[in-house]
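Student: Below you'll find the structure I mean.
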Amino acid sequence: MIEGIIVGLEPLALLAAVVGVLLGIVFGAIPGLTATLGIALLVPVTFLMETAHGMIMLGGVYAGAIYGGSITAILLNIPGTPASVVTAWEGHAMAREGDAPLALGLSAASVGVGGLISGFVLLWLTPLLASVALSFGPPEYLALIVFSLVIVCVMLSTPLLGNALAALLGLLIATVGTNPVTGSSRFTFGFYELTGGVGIVAILIGFFCMSQAILIGWAALTQHQKTDIVFGRGGTGGALVKALWARAGTLGRGTGIGLFLGILPAIGPETTPLTTHAVERRFSREADRFGKGSKTGLVVAESSMAANVGGSLIPLLALGIPGSGAAAVFVGALTLHGLKPGPLLFVEHPQSIYAFFVGFIVVYLTILMIGLFAARFFAVLLKIPNAVVATFVAAFSVLGAYAINNTMFDVWVMLGATLLSFCLAALRIPILPLVLGLILGLLFEENLVVAQSVVRGPEDLIDRPIAIGLALLSVALLAISIVRRKRGFKPRCSVPASGGSSRE
Amino acid sequence: MLGARSLSLVVVAGCIAFFAAGVAMGDARITSYPGFLLAAAIVILPIHVVGQFRHETERAWLPKLPGGRANHLKLVAFGAVWLIAIWIMPFTGFIVAMTLGVCASLTALGIHRLYLTVPVVSVVVVAIFALIERVLYVPMPRGPLEDAIGGLFYRMAQGS
């Protein structure tokens, strides 16, 4: 652990954190470019670095992109990422009232505090969760994966059957390659490139990057946005401290709820601010200001969003279950670096993982500093035309898909995934369950095979309370969701239905 | 003529048919794990589609673009440009295909200053190629231009 902390504080690790945050803020600040896209495109770059440094950089991109989206949200009323929708409501209204610097400062401070707390929780809670997970056998893993898929399906506002179909498709696509039992090829149709399975990162680039390029291209043909915001002076010193101090409770609540929601699969930083904003509004004395430039609304949204990022990494690292789309791409990056997320990660690669934790804390310190002192300079990015953004996202998508295995086959897989993402969106089938099924598919099948030999009958499950508990919880969640949907209740978790639609 | 939604259905059904063909060819038994997933997908897809679109008429999925048909064509051209760029890349090499792709894509999206975009894009693409090949050691698709640049790098390294 100590060695890992030392590695995480090396000059190169600090540099990786700063570069990652800066790149992430650039990605987040440009509308259409998301954290998911940033991580996916920069995975090949991390092969140049030591594993821990590469992971710290990607962590910086993840956290930086989520924060960067707030800059355009506040200045232009354009959420740079889907996570910044609430920030746009409150922050932009403040900016229109001449409080743009204060809004940017409050945003940076809330993100910094929320992220730092989530970083410390990540450092202490993840190993704890991983040690519990070490007692997991195949039945527990099976139940956990089913629980993750069920919770994703019931939380999304898209039709339940569509969600289930997406999860099934993800699990089905994950079966392409080598049969884990017999070792024979399966669904490869003579393509040797498919023997090792379909390239997950190529598929994710298709889902989240190339489809996004097409949507930005569409925006380039239809929109011309200019800002009429006058960037005022001051608002980042005493006024900021005063405003933040008066909302310390809000900051704590936002961070706490954001962390909790982040730990649950499917509830990514995109939807968390909506939930915390609604909760805070109910208890706030200035409820009538919410949506019209409320500082409390801005603080709770930003702190919960940042805490969610750290929270989503906890199940990812401890159990191998991604909590959001960006976290899903992060799993791919970890796997490409030879780090298999799960409880054994802390046994096999403790140095890399503790270095990452320390780097994650440094990432949020960097965000805090950049946000407080340099956020206004990022407004220059807004001058890049959508046509240029769309073109270079497309170019880097091709490059990113090719660079994974140095083969054009992955580029065609990426294009196929792009087409599939649009087709699924047209049929109201969401992408997120498919991505989760795709990532967890192989693990699911391997554990299914072993569990079949371990569990011969119901009597073998008696001494497995975790597996039974998770299975019962999954059934209960599914039953409740079906009943509530029958009565007309719709989940509020309007996670983008597809990678392609995440800009809307 | 099929609408966008019907075409989407064909693509998703085609994806499922891919696995059905695998089962038919003996890659997996219908009673196996993939067979179960396949059967469930075959059952759920029509139920979902009928349930969702029973009361809706077929309509184009993409919303109407301001500018109408011209903008639709530009967006299609943008997609086609990248399809062609990827297709020709193994033959022409990375630099030519990527430069053509980026310039044509910018033109399709309304940036017509070719006198500026072509030289700037060429320099950027060559820089990316050099970075990826020389720094990341990732072998890129090669054509005559890449071979010439590779030879140049080699001669520079030899000091001749």
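Student: Does A:G196 qualify as being surrounded by fewer than 23 Cβ atoms within 10 Å (Cβ to Cβ), over 23 Å from the mean Cα position of the chain (by Cα) and more than 14 Å from chain B (Cβ to nearest Cβ)?
Tutor: When the stated conditions are applied, A:G196 passes them.
Student: Of all residues in the range B:68-82, how many are of a type outside the set (D, E, K, R), farther than 14 Å from B:C103 by Cβ and within 7 Å of another protein chain (Cβ to nearest Cβ)?
Tutor: 3
Student: Of everything in the range A:464-489, what is of a type outside the set (G, A, S) and within 11 Å of A:P139 (Cα to Cα)? Give them in sequence order.
Tutor: The answer is A:R464, A:P465, A:I466, A:I468, A:L470.
Student: Just checking, does the range A:343-355 include any residue being within 21 Å of A:L261 (Cβ to Cβ), buried (at least 21 other Cβ atoms within 10 Å of the Cβ) and either out of contact with any Lys or Arg (no Cβ under 8 Å at 6 or more places or on another chain) or at pLDDT below 85 (or both)?
Tutor: There is no residue in the range A:343-355 that is within 21 Å of A:L261 (Cβ to Cβ), buried (at least 21 other Cβ atoms within 10 Å of the Cβ) and either out of contact with any Lys or Arg (no Cβ under 8 Å at 6 or more places or on another chain) or at pLDDT below 85 (or both).
Student: Go through A:L128, A:L144, A:L161, A:L102 for me and flag whichever is without any contact (Cβ under 8 Å) to a residue 40 or more places away in the chain, among the hydrophobic types (A, V, I, L, M, F, W, C) and more than 12 Å from every other protein chain (Cβ to nearest Cβ).
Tutor: The conditions single out A:L128.
Student: Listed residues A:V435, A:V450; which is assigned to a helix (DSSP H, G or I) and more than 21 Å from the chain's Cα centre (by Cα)? Let's see the steps before the verdict.
Tutor: On the way: A:V435 fails: more than 21 Å from the chain's Cα centre (by Cα).
Selected residue: A:V450, the only one of A:V435, A:V450 that is assigned to a helix (DSSP H, G or I) and more than 21 Å from the chain's Cα centre (by Cα).
Student: Please go through the range B:100-129 and give me each residue that is under 25 Å from A:M408 (Cβ atoms), facing chain A (nearest Cβ under 10 Å) and hydroxyl-bearing (S, T, Y), ordered by number.
Tutor: Answer for the range B:100-129, where residues must be under 25 Å from A:M408 (Cβ atoms), facing chain A (nearest Cβ under 10 Å) and hydroxyl-bearing (S, T, Y): B:S105, B:T107.
Student: In addition: Can you spot a residue in the range B:105-124 that is modelled with pLDDT of 90 or more, in the same structural domain as B:L152 (by TED's automatic domain parsing) and within 22 Å of A:T407 (Cβ to Cβ)?
Tutor: Within the range B:105-124 (the criterion being modelled with pLDDT of 90 or more, in the same structural domain as B:L152 (by TED's automatic domain parsing) and within 22 Å of A:T407 (Cβ to Cβ)), the answer is no, since none of the residues qualifies.
Student: While we're looking at this one, here's another question. Select, from A:A394, A:A426, the only residue that is among the aliphatic types (A, V, I, L, M), without any contact (Cβ under 8 Å) to a residue 24 or more places away in the chain and either over 24 Å from A:L172 (Cα atoms) or in contact with a Lys or Arg (Cβ under 6 Å, 6 or more places away or on another chain) (or both).
Tutor: Values: A:A394 fails: without any contact (Cβ under 8 Å) to a residue 24 or more places away in the chain.
Result of the check over A:A394, A:A426: A:A426.
Student: Here's a follow-up. Considering only the range B:23-62, state which residues are within 8 Å of another protein chain (Cβ to nearest Cβ) and at pLDDT 85 or above.
Tutor: B:Y33, B:P34, B:L37, B:L38, B:A40, B:A41, B:I44, B:L45, B:I47, B:H48, B:V49
Student: Please specify each residue of the range A:392-425 satisfying the condition of being facing chain B (nearest Cβ under 10 Å), of a type in the set (G, A, S) and crowded, with 24+ Cβ neighbours inside 10 Å.
Tutor: If the condition is that a residue be facing chain B (nearest Cβ under 10 Å), of a type in the set (G, A, S) and crowded, with 24+ Cβ neighbours inside 10 Å, then A:A394, A:S397, A:A401 are the ones that fit.
Student: Let me ask something else about it. Being over 24 Å from B:F78 (Cβ atoms) and within 10 Å of chain A (Cβ to nearest Cβ), is that true of even one residue in the range B:139-157?
Tutor: Yes, the range B:139-157 contains at least one residue that is over 24 Å from B:F78 (Cβ atoms) and within 10 Å of chain A (Cβ to nearest Cβ).
The values are calculated or read from the model by the stated rules, or taken from the named source; none is laboratory data. The model shown is predicted, which means the values in this text are computed figures rather than measured ones. Here Cβ is always computed from backbone atoms with ideal geometry, including for glycine, and neighbour counts include all displayed protein chains.
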